[in-house]
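Report on the following structure.
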Amino acid sequence: MGNTGVRHHRTKLLPEMEGPVARAYARGRNTAPQLAFCRRVAGEITTGLPDGAAVLEVAPGPGYFAVEMARLGFAVTGLDVSRTFVGLAREYARAEGVAVEFRQGDVAAMPFADGSFDFLICQAAFKNFARPVAALDEMHRVLRPGGVAVVQDMSKEATHAQIEAEVAAMALGKVAAFTTRQTLGGLRRRAYTPAQFTATVAESAFRTCTVITEGMGLEVRLTRAA
């Protein structure tokens, strides 16, 4: 990839999101402001999708966002590498009375047939994928012709002030806010710049993408050709 600094294979983030680590993360995200944010973004990101559209969330974690999309009338599936997260997500969906299929699996080798989904969303996880091009190729494969994938993640170009503003909006306690700021600062080192993400996409089956930056994040839109 020339001088973009992106590798085909990246070191996985540690610790793995299993057991107590995953459960602590789930508790931290299960707050009224965080759930309200999921609800709002779910409505925005799915605007224009037909009723009953097949939606895949890659790396849904504890499932809060997937459940909010399912409430809107879409057929939602979540795929996560963490068995703990899959269990937590299933429990949450049952408790909320919402039908979502959560499955355990690797984004670089998805257990779905070609052309299974109309829409795919991946939030705050792509920077941790060990095989980013393979992950993009799999996203392309499981989308139907004309289907759209959206990747939302942190930007490597995020400033300290932007991280501060993002954490402030989470309405966390003092200790949790400090920990989150420290975590985001570390994650920024793994993240992609818009140019790096574009170069990675160029080596995948998608070939091209649109990248929009806002605050500390970036949003990448990719379409499987009709």
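The values are calculated or read from the model by the stated rules, or taken from the named source; none is laboratory data. These numbers come from a predicted model, not from an experiment. Cβ atoms come from the backbone with ideal geometry, glycine included; neighbour counts cover every protein chain shown. Quick note on the areas: whole protein, heavy atoms, side chains included, nothing else; ligands and nucleic acids left out. Shrake-Rupley method; radii C 1.70, N 1.55, O 1.52, S 1.80 Å.
Here are the numbers for this structure:
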| read-out | value |
| --- | --- |
| Qualifying strands (runs of 3 or more DSSP E) (wholly inside segment 43-111; at least 3 residues being without any contact (Cβ under 8 Å) to a residue 40 or more places away in the chain) | 75-80, 101-104 |
| Given (1) touching a His at 6+ places or on another chain (Cβ under 9 Å); (2) surrounded by fewer than 20 Cβ atoms within 10 Å (Cβ to Cβ); (3) in a strand (DSSP E or B), index of the condition Ala149 fails | (2) |
| Residues that are aliphatic (A, V, I, L, M) and open to solvent by 30 Å² or more (accessible area, probe 1.4 Å), drawn from segment 65-112 | Leu72, Ala75, Val81, Leu88, Ala95, Ala99, Ala109 |
| Residues (part of a strand (DSSP E or B) and open to solvent by less than 30 Å² (accessible area, probe 1.4 Å)) located in segment 137-146 | Leu143 |
| Residue match in segment 108-122 (condition: closer than 18 Å to Pro62 by Cα and in contact with a Lys or Arg (Cβ under 8 Å, 6 or more places away or on another chain)) | no |
| Residue in segment 118-132 that is open to solvent by 50 Å² or more (accessible area, probe 1.4 Å), assigned to a loop (DSSP other than H, G, I, E, B) and closer than 27 Å to Met154 by Cβ present | yes |
| Complete set of residues in segment 1-48 that are among the small types (Gly, Ala, Ser) and either over 30 Å from Ala202 (Cα atoms) or at pLDDT 80 or above (or both) | Gly19, Ala22, Ala24, Ala26, Gly28, Ala32, Ala36, Ala42, Gly43, Gly48 |
